[in-house]
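Below is one structure, written out as structure tokens; comments come after it.
The values are calculated or read from the model by the stated rules, or taken from the named source; none is laboratory data. What you are looking at is a predicted structure, and each value in this text was computed from that prediction instead of being measured. Counting neighbours? That spans all protein chains shown, and the Cβs are built from the backbone with ideal geometry, glycine included.
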Amino acid sequence: MKGSAIRPVRSDIMDQEHFIRLEEEFGAHNYKPLDVVLTRGKGMWVWDVEGNKYMDCLSAYSAVNQGHCHPKILQTLIDQAQKLTLTSRAFRNDQLGPFYKELCELTRSHKVLPMNSGAEAVETVIKAVRKWGYKVKAVPRNQAEIIVCENNFHGRTIAIIGFSTENQYRDGFGPFPEGFKIVPFGDAAALEEAITPHTVGVLLEPIQGEAGVIIPPSGYLKDVKDICENRDIILILDEIQTGLGRTGKLLAEEHEGIEADVTVIGKALSGGFYPISAVLSNKEVLGVFMPGDHGSTFGGNPLACAVARTALKVLIEENMIENAGKMGQYFLSQLKKIESPYIRDVRGKGLLIGVELLPEAGGARRFCERLKAKGLLCKETHVNVIRFAPPLVITQAEIDWAMERIESVLKVQ
């Protein structure tokens, strides 16, 4: 028996250690967060339960591109929640069609399929592209192959971790589904060499965020797009983290002037207010789905669609994408000026930036903890990389404020 007694949590205790103890005692230990307990956010800034103020330089892994608690998105959430929140897809609702139309027009897509999480959207794509391979390309049944890249991160489901190259993501979770080939990221020749008559899709991130903000060589995406077109293969870009303004363009693919056949977006699609993701596709790929082939009780619910419509609107109307490009360039240039015995490399595009440290620096986490103590929140990735990805509303003055703290921490012996 799991037990049935509910012990109320005291609401008068505002001590961080109290909340941390609750998490440690009752929660699964599948995360290792920094020990800060947040209770409020506005724009670039968040506050902990003890009243301390911090600059957020992670944006919930780019889910809060529009800044915390954006007032227009908040008002939409309130208004829609008072009218209708969920119908399931058994019925239609008055937010879904407009959401489809606006998103297609914004991204030049033909069709949309809404889901809830990014991983769920990636799973949707795998199903759709495989079925396209059988129905359209005439690949023999159950022999479809999808090419992915080393150091990829597309989510945490069984199928997705099955083609991960990160040992921890796979350890203890097999057996895994088959049908995936892994090639080096940034190597178009290796990708082309891996293609067989059974290859139906290529799935990759324009920039590998979780791997440490790994940026491929210039021209790589265009080369991959050309290869896919020439070999009748569906190019799938996972823009869950890089999309919706993060790199200074609406979609990161725009930096190389290409359009993927299928694009996956999520995270900032709701500005951090409500789970929603989407598969953006040409008619041919999503056209293979028939009623009953795929679905989700919450996917495309009116509350999520209404919130997403406003989240997209404020990105455009408030020039957040252009600001990400301009401020990202400034932030990157300032980081590159730091003279530190610990820094190996500084790289990024827009406001997706990684500072890679030398192994002798002792790992990135200790620097993130020092920055937290100075009022700046960021997170390590792949042990030695500090990832900076603030909301797209950041100003030059706020970057200067951040740089004082970053430079002081990275210069400490």
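Observations on the model:
- Annotation for the range 125-136: no member residue is crowded, with 19+ Cβ neighbours inside 10 Å and part of a loop (DSSP other than H, G, I, E, B).
- Failed condition for residue 289, given (1) outside any loop (DSSP other than H, G, I, E, B); (2) out of contact with any Leu (no Cβ under 7 Å at 6 or more places or on another chain); (3) farther than 23 Å from residue 58 by Cβ: (1)
- Matching residues, the range 235-265, being within 16 Å of the chain's Cα centre (by Cα), surrounded by fewer than 24 Cβ atoms within 10 Å (Cβ to Cβ) and outside any helix (DSSP H, G or I): 248, 249, 250
- Test: residue 406 is closer than 17 Å to residue 58 by Cβ, part of a strand (DSSP E or B) and of a type in the set (Val, Ile, Thr): no
- Hey, residue 99 hydrophobic (A, V, I, L, M, F, W, C) and crowded, with 21+ Cβ neighbours inside 10 Å or not: yes
- Restricted to the range 102-116, and to residues there that are assigned to a helix (DSSP H, G or I) and of a type outside the set (A, V, I, L, M, F, W, C), the residue that is surrounded by the fewest Cβ atoms within 10 Å (Cβ to Cβ) is 105.
- For residue 190: the one exception among (1) free of Cβ contacts under 8 Å to residues at least 12 places away in the same chain; (2) in contact with a helix residue (DSSP H, G or I) (Cβ under 6 Å, 6 or more places away or on another chain): (2)
- Within the range 11-94, strands (runs of 3 or more DSSP E) holding 1 or more residues that are farther than 20 Å from residue 245 by Cα, in contact with a helix residue (DSSP H, G or I) (Cβ under 8 Å, 6 or more places away or on another chain) and assigned by TED's automatic domain parsing to the domain that holds residue 400: 45-48, 53-56
- Boolean, residue 297 is part of a strand (DSSP E or B) and either more than 12 Å from the chain's Cα centre (by Cα) or not assigned by TED's automatic domain parsing to the domain that holds residue 99 (or both): no
- Scope the range 347-401; condition of a type in the set (A, V, I, L, M, F, W, C) and part of a loop (DSSP other than H, G, I, E, B); matching residues: 351, 358, 364, 378, 383, 389, 392, 393, 394
- Residue within the range 77-97 that is touching a Lys or Arg at 6+ places or on another chain (Cβ under 7 Å), of a type outside the set (A, V, I, L, M) and more than 23 Å from residue 291 (Cβ to Cβ) present: no
- Checking each residue in the range 98-133 for being in contact (Cβ under 8 Å) with a residue 40 or more places away in the chain, closer than 15 Å to residue 309 by Cβ and aromatic (Phe, Trp, Tyr) picks out only 99.
- Which listed residue is of a type outside the set (Ser, Thr, Tyr) and surrounded by 20 or more Cβ atoms within 10 Å (Cβ to Cβ), from 384, 319: 384
- Scan of the range 333-345 for residues that are surrounded by fewer than 20 Cβ atoms within 10 Å (Cβ to Cβ) and of a type outside the set (Ser, Thr, Tyr), ordered by number: 334, 336, 337, 338, 339, 341, 343, 344, 345
- Apart from one condition, residue 10 fits all of (1) among the basic types (Lys, Arg); (2) closer than 30 Å to residue 94 by Cβ; (3) modelled with pLDDT under 95; the exception is (2).
- Selected residue [without any contact (Cβ under 8 Å) to a residue 40 or more places away in the chain, buried (at least 16 other Cβ atoms within 10 Å of the Cβ), over 18 Å from residue 207 (Cβ atoms) and of a type in the set (Gly, Ala, Ser)] from 361, 311: 361
- Qualifying residue in the range 169-187 (condition: in contact with a Lys or Arg (Cβ under 6 Å, 6 or more places away or on another chain), surrounded by 15 or more Cβ atoms within 10 Å (Cβ to Cβ) and part of a strand (DSSP E or B)): no
- The listed residue being more than 21 Å from residue 264 (Cβ to Cβ), among the aliphatic types (A, V, I, L, M) and buried (at least 21 other Cβ atoms within 10 Å of the Cβ), out of 78, 73: 73
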